[in-house]
Amino acid sequence: QVQLVESGGGLVEPGGSLGLSCAATGIVFSRYTMGWYRQAPGKELELVMTIPRGGSTNTLDSVKGRFTISRDSTKNTVYLQMNSLRPEDTAVYCCNAKRPGVDYWGKGTLVTVSS
C-alpha cells in the first residue's frame, strides 16, 4: 500500500521559516519524481517544487530563492525548506510522487503564515 505522509506544517509569522517532510512507503522511491504542491483557499492547486532522481528541480517563480527541495533516498523522504515566508504562502501543502502513468498524493499539511 502506497502512503505519502506529510509533517511539519503549522503557524508561522511572516518572514519566518518552516520545514516540511514527506515520508513515502510502498514505492520504489528512486523511480519517482517527488514534489510539493499547494492549494490556497479559493485557489487552484499549484506546483511548488519538484525534484527528480537526477536532473534539475522545477520551481514556482514566486518561491525561487526562498524554498529549497531535497530528497533522502536512505529515508524515502522528501523535504521542503521554506524561508522568508509570506502570507500568500498560506496553503495546504501536498506531497506528490510521480512517474509515467502513476501519480500518488499525500493528504496534505496546512501552512499558515500570519502575524
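The values are calculated or read from the model by the stated rules, or taken from the named source; none is laboratory data. What you see is a predicted model; the values in this text were computed from it and never measured. Note that we place each Cβ from the backbone using ideal geometry, even for glycine, and neighbour counts take in every protein chain shown. Note: accessible area is taken over every heavy atom of the protein model, side chains too, but ligands, DNA and RNA are not part of it. Shrake-Rupley method; radii C 1.70, N 1.55, O 1.52, S 1.80 Å.
Annotations
- Segment S73-L45, length gained on full extension (0.36 nm per residue, minus Cα span): 7.4 nm
- Net length available on complete extension from L11 to R86 is 25.8 nm, with 0.36 nm assigned per residue and the Cα-Cα distance removed.
- Within a Gaussian network of the chain (alpha carbon springs, distance under 10 Å), most fluctuating of V48, V102, V63: V102
- Within the accessible area of the chain (1.4 Å probe), percent carbon and sulfur: 48 percent
- Residue-wise HN-Hα coupling along the range 98-106, computed from phi with Karplus coefficients 6.51, -1.76, 1.60 (Hz; x: Gly, Pro): 9, 8, x, x, 9, 8, 10, 10, x
- Solvent-accessible heavy-atom area per residue, rounded to whole Å², over the chain at 1.4 Å: 54 Å²
- Cα gyration tensor, the range 18-79 - rounded (a/c under 1.5), prolate or oblate: prolate
- Unpaired by the 4.7 Å Cβ criterion, cysteines found in the chain: C94
- Heavy atoms of L20 accessible to a 1.4 Å probe, total area in Å² rounded to 10: 0 Å²
- Stokes-Einstein, applied to the Kirkwood radius of the chain over Cα pairs at a viscosity of 1.567 mPa s and 4 °C, places its translational diffusion at 92 µm² s⁻¹.
- Viscosity 1.306 mPa s, temperature 10 °C, Stokes-Einstein D of the range 50-115 from Kirkwood C-alpha radius, µm²/s: 118 µm²/s
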